[in-house]
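Derivation of every value follows stated rules applied to the coordinates shown; laboratory data play no part. Please read these numbers as outputs of a predicted model, since none were measured by experiment. We place every Cβ from the backbone using ideal geometry, glycine too, and count neighbours over all the protein chains shown.
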Amino acid sequence: MKTLQERFVEKCSPEPNSGCWLWTGQTYWTGYGHIKNRRDGKWRQTAAHRVSWELYHGNIEDSLQVLHKCDVRSCVNPDHLFLGTHDDNMADMVNKGRVASGERNNKAKLTEEDVQIIREWVSDGWTRAQCAEVWGVSPSTISDISLRKTWTNLADRRRAAASQ
């Protein structure tokens, strides 16, 4: 029977341009690779990038995740991986622009144009409840928009016009 490292290496295909080791074995629906790994006497599916870290760098604390420097989900090159908490992973995702925010979020009910108009109407005296009724969202959503807690990537049209 082959060792875990032997089975792992068989499923890696080095990509010469990026340096990624692309996983050619089975993948989860998310695109991350996985491999069977014997733990605590039982066979379990384990994320391939996690196995890579353990094979080349050692054990991983339960509270930590294995993150990708290269952002290639199928990459298992241990030099492209680093450890971090869930919060580190979320911050890395935001910093690299991989968050579907604004109109790119498939659950968004509003467009950037809607948000600009809402901000103008609130500053013109419309109540949050009135705006919420017009757009079919909650008053707290309108509040977050007008206080710039959400849709923070948008510049205010009035401010932009005044600065020109």
Placing +1 on each Lys and Arg Cβ and -1 on each Asp and Glu Cβ in region 23-164, then taking the dipole about the Cα centre, the residue among Ser143, Gly25, Val94 whose Cα reaches farthest towards the positive end is Gly25
What list of whole percents do you get for P(r) of the chain, with Cα-Cα distances grouped in 5 Å bins up to the one holding the largest distance?
-> 1, 8, 13, 15, 12, 9, 7, 7, 8, 8, 6, 3, 1, 0, 0
Cys20: net charge of surrounding residues, Cβ under 13 Å, Lys/Arg +1, Asp/Glu -1, itself excluded?
-> -1
For helix 86-95, report the angle its Cα long axis makes with the longest principal axis of the Cα atoms of the chain; keep it between 0 and 90° and round to the nearest 10°.
-> 60
How big is D for region 102-159, in µm² s⁻¹ as a whole number, if Stokes-Einstein is applied with the Kirkwood radius of its Cα pairs at 4 °C and 1.567 mPa s?
-> 115
So the number of lysine pairs in the chain with alpha-carbon atoms under 22 angstrom apart, 8 or more residues apart or on different chains, is 11
Length gained, Asn105-Arg38, 0.36 nm per residue minus C-alpha separation, equals 20.3 nm
Cysteines having no other Cys beta carbon under 4.7 Å from their own, within the chain | Cys12, Cys70, Cys131
Computed over the chain: longest principal axis from alpha-carbon atoms vs helix 48-57 long axis, angle to nearest 10 degrees, is 60
When the distances between all Cα atoms of region 4-95 are binned every 10 Å from zero, what whole-number percent does each bin get?
-> 17, 51, 29, 3
What chymotrypsin sites (Phe, Trp or Tyr not before Pro) in region 21-77 are in a loop by DSSP, with at most 14 other Cβ atoms within 10 Å of the Cβ?
-> Tyr28, Trp29
